[in-house]
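Engineer: Can you keep this structure in mind? I'll have questions shortly.
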Amino acid sequence: MFVHDRPAWRLPERAVTPEAQWLDRRKLVAGMMAAGLLPAAAAAGTAKTGDAGPAGLPRLDARRTIATDETPTPLAAVAGYNNFYEFGLGKDDPARNAHRLKPSPWTVTVGGLVKQPLTIDVDRWIARAPLEERIYRLRCVEGWSMVIPWVGVPLAGLVKAAEPLGSANYVRFTTLADKGQMPGLRVPALDWPYREGLRLDEAMHPLSFLAVGLYGRRLPNQNGAPLRLVVPWKYGFKSIKSIVAIDFVERQPKTSWAMAQPREYGFYSNVNPDMPHPRWSQATERRIGEFRKRPTLVFNGYAEEVAHLYRGMDLKRFF
Ligand code: MTE
């Protein structure tokens, strides 16, 4: 079992960046920088992998490629206030129950309409992949948000490695569904397994990211170990966790939340302050750790990078 390494995966030489001072945000690279547009020299040398990382989880050396001058949300909240219904519906259930998940060894299959089906041994892959660190905002549809330093690789590299056929228009992601490891599966809160999807051009966008870590360490189980999706301009529920399958398909795939409540959650799920959820406004959000509310930004603040993907689309209809 192996991953086909292809040139498209590879970044310029990896810059190893030890000893984070996570809370000294003044030292972070100011401003958002579009992935792929960032000169390597500007990116290198700022990422840190210090001891503030999740205790007991292996460290990951990564080159910082995207940052923000916003304060990263404290690790205790990132790993203690979660949605991961496979481990319970309460925000603190995943941190309490996710120790049952065995994230290693772990295999992800990449298939469907592709020339190169892949079987990824995640541990081997993490050891060899040119990891990047990206500090992204995560905006939950429930009205809270966080700023999280993820470690991972651009999703586009995996898409290119699989060589999708011309008929592949969408990518479908599937989470593990194992009752032995995931006590929440006994509750039919969602139609298990958890499923998500992206249009192929969304998956190819340089901001779309497969995270294997946060705060310089492997992902805590409750955050979706060993591999999860992060699509920063979409509501957090698109960030499917603990992925076991990635399939390229012709038609728009069914996604868990849209199946459960189609009036409330659409396939696109772009952060949109002008499009209220049927039961509440999306105009403001509360950053975890703050009291004040701040205005929700269109596409979660990433409009400059992604608005062109939706040109000509009525985003109230395709929500
Ligand atoms: N993935 C799976 N498999 N199961 C889930 O319940 N919840 C989603 C998303 N991914 C979820 C999931 C929701 S609603 C959110 S807001 C984010 O994970 C939360 O990610 P975090 O807990 O790492 O902040």
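Engineer: What is region 13-310's relative contact order, in percent, from Cα pairs under 8 angstrom and six or more apart in sequence?
Structural biologist: That works out to 19 percent.
Engineer: In terms of modelled amide H atoms, which long-range or inter-chain residues lie less than 5 Å from the amide H of Val141?
Structural biologist: Excluding prolines and chain starts, which carry no amide H, the hits are Gly236, Phe237.
Engineer: Now for a separate question. FRET efficiency for Arg251 and Asp201, Cβ-Cβ distance as r, R0 = 22 Å, nearest 0.05? Present the calculation step by step, with values, prior to reporting the outcome.
Structural biologist: On the way: r = 16 Å, r/R0 = 0.71.
That gives a FRET efficiency of 0.90.
Engineer: Just grab the label-to-label distance for Thr71 and Gln261, each label 7 Å out from Cα along the Cβ direction, in nm (one decimal).
Structural biologist: Rounded to a tenth, the inter-label distance reads 3.1 nm.
Engineer: Tabulate in residue order the Karplus-calculated ³J(HN,Hα) for region 226-233, using 6.51 cos²θ - 1.76 cosθ + 1.60 with θ = phi - 60°, rounded to whole Hz; enter x for Gly and Pro.
Structural biologist: x, 8, 9, 8, 9, 10, x, 8
Engineer: Another question, if that's okay. Taking 51 Å as R0, compute the FRET efficiency from the Cβ-Cβ separation of Ser104 and Lys293 and round it to 0.05.
Structural biologist: Working: r = 40 Å, r/R0 = 0.78.
Efficiency computed from Cβ-Cβ geometry: 0.80.
Engineer: For a label point 7 angstrom out from the Cα of Glu304 toward its Cβ, which stretches of region 226-252 have the backbone nitrogen within less than 16 Å?
Structural biologist: 233
Engineer: Tabulate in residue order the Karplus-calculated ³J(HN,Hα) for region 184-200, using 6.51 cos²θ - 1.76 cosθ + 1.60 with θ = phi - 60°, rounded to whole Hz; enter x for Gly and Pro.
Structural biologist: x, 5, 6, 9, x, 5, 9, 7, 5, x, 4, 10, 9, x, 9, 6, 4
Engineer: Averaging sequence separations of C-alpha pairs under 8 Å and six or more residues apart, then dividing by the length of region 112-170, give the relative contact order as a whole percent.
Structural biologist: 46 percent
Engineer: At a Förster distance of 35 Å, what's the computed FRET efficiency of Trp280 paired with Ala55, Cβ-Cβ distance as r, to 0.05?
Structural biologist: Once the sixth-power term is evaluated, E becomes 0.45.
Engineer: For Asp121 and Ala189, calculate 0.36 nm times their separation in residues minus their Cα-Cα distance, and state this gained length in nm to one decimal.
Structural biologist: 21.5 nm
Engineer: I would also like to ask the following. Give the long-range amide H neighbours of Gly213: residues separated by 5 or more places, or on another chain, with amide H under 5 Å away, using H modelled in the peptide plane at 1.01 Å from N.
Structural biologist: Excluding prolines and chain starts, which carry no amide H, the hits are Val151, Leu219.
Engineer: While we're here: Taking θ as phi - 60°, what are the ³J(HN,Hα) couplings along region 101-118 by the Karplus curve (6.51, -1.76, 1.60), each to the nearest whole Hz, with x for Gly and Pro?
Structural biologist: 6, 10, x, 8, x, 8, 10, 10, 9, 10, x, x, 7, 9, 7, 10, x, 10
Readers should treat all values here as calculations from the given coordinates under stated rules, not as data from a laboratory. In this text the structure is predicted, and so the values were computed from the model without any measurement. Because the Cβ atoms are built from the backbone with ideal geometry, glycine has one as well, and the counts that use them run over all protein chains shown.
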